[in-house]
Amino acid sequence: MSVKVFVVDDSAVVRQALAHMLAGHAEVELIGSAPNPLLAMDMIRKNPPDVLLLDIEMPGMDGLTFLRQIMSTQPIPTVICSTLSTEGSKVALEALSAGAVAVLAKPKLGLKQYLEDSRREMVQTLKTAARSKPRSRPPPGDSGSAKLLSRAPVLGSVHAFAMNKPVVIGSSTGGTQALEVVLTSLPADAPGIAITQHMPEKFTAMYAKRLDGICAMNVREARDGDRLERGVVLIAPGGLHMQLRKAAGQYFVTVVDGPPVNRHKPSVDVLFRSAAECAGRDVLGIILTGMGDDGARGMKVLHDGGARTLAQNEETCVVFGMPKEAIKLQAVDEILPLEQMARAILQFDSRA
């Protein structure tokens, strides 16, 4: 049975190009389109799609407002297809937080050629989204509140001068929400965390800034040579790989260019393998929700080297692909619900 897709985009060029791209496809069927959310609403109610492909910058009702309405009344797996302007990136991140499954970038110029070239990625994303379990969440509170509470951590402080045992986390589809759940539950002096989240390059700096506003820990997009220390979260920049290294008893990250690994840049496998090499048994590896298998083999290297490894359980994943592949490789010590990951990080940190 083919995946039923409905497109909401104010550009007639986009709607026509998508119709042409998906025409006759055996696995994905375009069942309708609308130039704005107001027209789309009745059409979706009458014939609910498996996946909604949604623009966010539209006249009348914007895509973000529409998404929040959909998620509160009739949750539908939603893929955002947006241009990567600064403002567009910010709103797309808000859409992910509101429950969107994934974000696809579209250029302002050369749109038809881009859609033709990215047909395979588009179809795979739509198919995966159709199997996902979108989780809508209320918007976070005042962005400054977490920083004000940084001296009164959420799950209990660990000793500020304890050994720095790093944590490495990999995630993809659904990961922006999952990471928010984990990081907002950690105290300001939690162990240093290096994260590879599959995300376009223009999104990661803004995503890190958003997390920094709601977390007790300091969150930022990684720069080459940054030190991974207690209370710091470093997020791999989109379009570059991030590796962990150790020098003079301290952990640092290197940010490097290179070919995609497992079709991704940054790649979770790259981070995990580097952590296994430099930290051995002193690192905690965590794999969260995401499509595909990036990170599974890297987690196997971590596990076989004596590191502790955790995977998010199927029930709390938006997409159970990456954790499932790591579990199949027998690379996981324990499978946990998302809500228990922060506590597991602090428990690992407290061990001698």
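Details
- Multiplying the residue separation of I31 and E121 by 0.36 nm and removing their Cα-Cα distance gives an extension gain of 30.5 nm.
- Helix-only CD estimate at 222 nm, as mean residue ellipticity for the chain, using -39500 (n - 2.57) per DSSP H run (n ≥ 4): -11000 deg cm²/dmol
- Using Cβ point charges alone (K and R +1, D and E -1), the dipole size of the range 3-130 about the Cα centre works out to roughly 140 debye.
- Global form of the range 3-130, assessed from the alpha-carbon gyration tensor, a/c cut-off 1.5: rounded
- Shape of the range 145-350, Cα gyration tensor, a/c cut at 1.5: rounded
- With an a/c value of 1.5 or above and a/b not larger than b/c for the gyration tensor axes a ≥ b ≥ c computed over the alpha-carbon atoms, the range 253-352 is described as oblate.
- Within the listed set V123, V283, V51, the Gaussian network model of the chain (springs between alpha-carbon atoms below 10 Å) gives the highest mean-square fluctuation for V123.
- Mean-square fluctuations from a GNM of the chain, with a 10 angstrom spring cutoff on Cα atoms, peak among A311, A34, A129 at A34.
- Dipole magnitude of the range 145-350, debye to nearest 20 (Cβ charges: Lys/Arg +1, Asp/Glu -1, about Cα centre): 360
- Across the range 213-222, computed HN-Hα scalar couplings (Karplus, 6.51 cos²θ - 1.76 cosθ + 1.60, θ = phi - 60°) run x, 10, 10, 5, 6, 8, 10, 8, 5, 5 Hz from first to last residue, x flagging Gly and Pro.
- Listed residue (V261, S2, L96) projecting farthest to the positive dipole end of the chain, Cβ model: V261
- Neighbour counts of C-beta atoms inside 10 Å place V253, V5 in the sequence V253, V5, starting with the fewest.
Read-outs: derived from the displayed coordinates by stated rules, not from any lab. The structure displayed is predicted, hence computed values, not measured ones. All Cβ positions, even for glycine, are placed from backbone atoms using ideal geometry, and neighbour counts span all protein chains on display.
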